Amino acid sequence: MPVIHKSYHVTKNDFIHAGEASIHVKNLLKSLNYDSDLVRRVAICGYEAEMNLVMHGGDGELSVDVSQSKVVIEVTDKGPGIADVELAMQEGYSTAKDEYREMGFGAGMGLPNIKKNSDEMTISSEPGSGTHVTMVFFCKG
Amino acid sequence: MKLSEIARILESEFLTGENKKDVDFHYCRGCDLMSDVLAAFADGSVFLTGLVTIQAVRTASISGAGAIVFVRNKKPSADIVALAREEDIPLLVTPLTMFVSCGRLYEGGLTGVNGNR
Ligand SMILES: Nc1ncnc2c1ncn2[C@@H]1O[C@H](COP(=O)(O)OP(=O)(O)OP(=O)(O)O)[C@@H](O)[C@H]1O
Ligand SMILES: [Mg+2]
C-alpha cells in the first residue's frame with residue numbers, strides 16, 4: 001500500500017470547524033478498512049490535539065501519514081507554546097479560559113488521554129515558538 | 001433497547017436519523033463534560049447531554065456515539081442538526097431533565113458505557 005499523506009489547516013478559536021480534520025482522518029481510515037480500535041484511538045487523539053490547537057495554541061496544521069504498518073498524526077501550531085510540558089501532561093492541569101469550560105472542555109484531560117490512546121507520543125514546545133505533537137499508532141498483525 | 005423505544009420512553013422527537021429507529025442500544029452516557037466523553041470509548045451508545053453545541057456533536061461522533069439526545073427541550077440550531085445528519089447520527093430532543101431521562105433509560109435496562117449498572 002502506498003503511503004497516504006494529508007494535511008489540514010486548523011485555525012485558532014474557530015469552533016465552527018474545530019474537529020473537522022480529525023473527523024476527516026477518521027473517515028479516511030474507516031474507508032481504508034483499518035481496524036476499528038485503531039480508528040477510534042487515532043480519532044480521539046487527533047481530536048484532543050486539534051481542540052488544544054484551537055483553544056490554547058495558534059493557527060497551524062494537522063497532518064496524517066498512513067501506511068500499512070502505522071498511522072502518524074502531527075499537530076503543529078504557531079501559538080504561545082507551553083512553558084512546562086511536564087506539568088501540562090499531568091491530569092487535571094489546565095489553563096483553559098471559562099469560555100472553553102462552558103463548552104465542556106478544560107478538564108486537563110486531553111494530553112493524558114493522548115498519552116493513553118497512542119502507542120508513541122512526543123510533544124515539543126517552547127514558549128513563544130508554538131507546539132508540536134506527534135502521535136504514532138501501530139497496526140496490529 | 002431499540003431507538004424508537006428510547007424515543008418513546010423519553011417522550012422525544014427525532015430531529016434527524018429516524019431511519020435508524022430500529023437500531024438496538026445497550027449503553028448510555030449522560031454527560032456535559034466533553035473532556036470526560038473523550039476519556040472513554042462508547043461505541044454505539046446513546047449520548048444524553050444538555051450541551052447543545054457543534055462540538056457536542058463532533059465529540060459524540062469521535063467517541064463513537066450512536067445517537068444523541070438533547071435534554072430539557074434544548075433545541076439545536078439548523079447547523080447542529082445538519083452536522084448530525086452529515087455524521088449519520090440520530091438526533092433527538094426530550095422535554096425531560098437529564099436525571100429523569102437517565103432514570104427512565106436505566107429502568108429500561110440500559111447500562112453505563114463501562115457496562116456497570
Ligand atoms: N497547542 C497548545 N498550545 C499551548 N498550550 C497548550 C497546547 N496544548 C495544551 N496546552 C496547555 O496544556 C494544558 C493541558 O492540556 P490538556 O489537553 O491536557 O487539557 P485542556 O485542554 O486544558 O482540557 P481538556 O483537554 O480536558 O479539554 C492546557 O490547558 C494548556 O495550558
Ligand atoms: Mg485539551
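Every number here is computed from the coordinates shown, using simple stated rules; none is lab data. As the structure is a prediction and not an experimental result, all values here were calculated from the model. As a convention, Cβ positions derive from the backbone with ideal geometry for all residues, glycine included, and neighbour counts pool all protein chains shown.
Laid out as a table, the results:
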read-out: Tail weight of P(r) past 26 Å, computed on alpha-carbon pairs of the range A:4-138, percent; value: 16 percent
read-out: Spin-label proximity, B:N114 to the range B:24-42 - amide N less than 17 Å from point 7 Å beyond Cα toward beta carbon; value: B:27-42
read-out: Global geometry of the range B:3-107, whether rounded, prolate or oblate, following the gyration tensor of its Cα atoms and the 1.5 cut on a/c; value: rounded
read-out: Inter-chain Cβ neighbour average for residues A:43-51, partner chain, 10 Å; value: 4
read-out: Estimated inter-spin distance, A:E120 and B:F99, nm [label 7 Å along Cα→Cβ]; value: 5.1 nm
read-out: Simple spin-label estimate for B:M1 and A:S7 in nanometres, 7 Å along Cα-Cβ; value: 4.8 nm
read-out: Average partner coverage of B:59-66, which counts Cβ from other chains inside 10 Å; value: 5
read-out: 20 Å Cα-Cα reach of B:K21 towards aspartates and glutamates, excluding residues that sit fewer than 8 places from it in its own chain; value: B:E5, B:E11, B:E13, B:D43, B:E86, B:E87, B:D88, B:E107
read-out: Gyration tensor (alpha-carbon) shape descriptor, the range A:92-141, a/c threshold 1.5; value: oblate
read-out: Euclidean distance between Cα centres, the range A:9-29 to the range A:34-94, Å; value: 11 Å
read-out: Cα-projected label distance for B:K21 with A:K70, points at 7 Å along beta-carbon direction, nm; value: 4.9 nm
read-out: Around A:L38: net Lys/Arg minus Asp/Glu count, Cβ-Cβ under 15 Å; value: +1
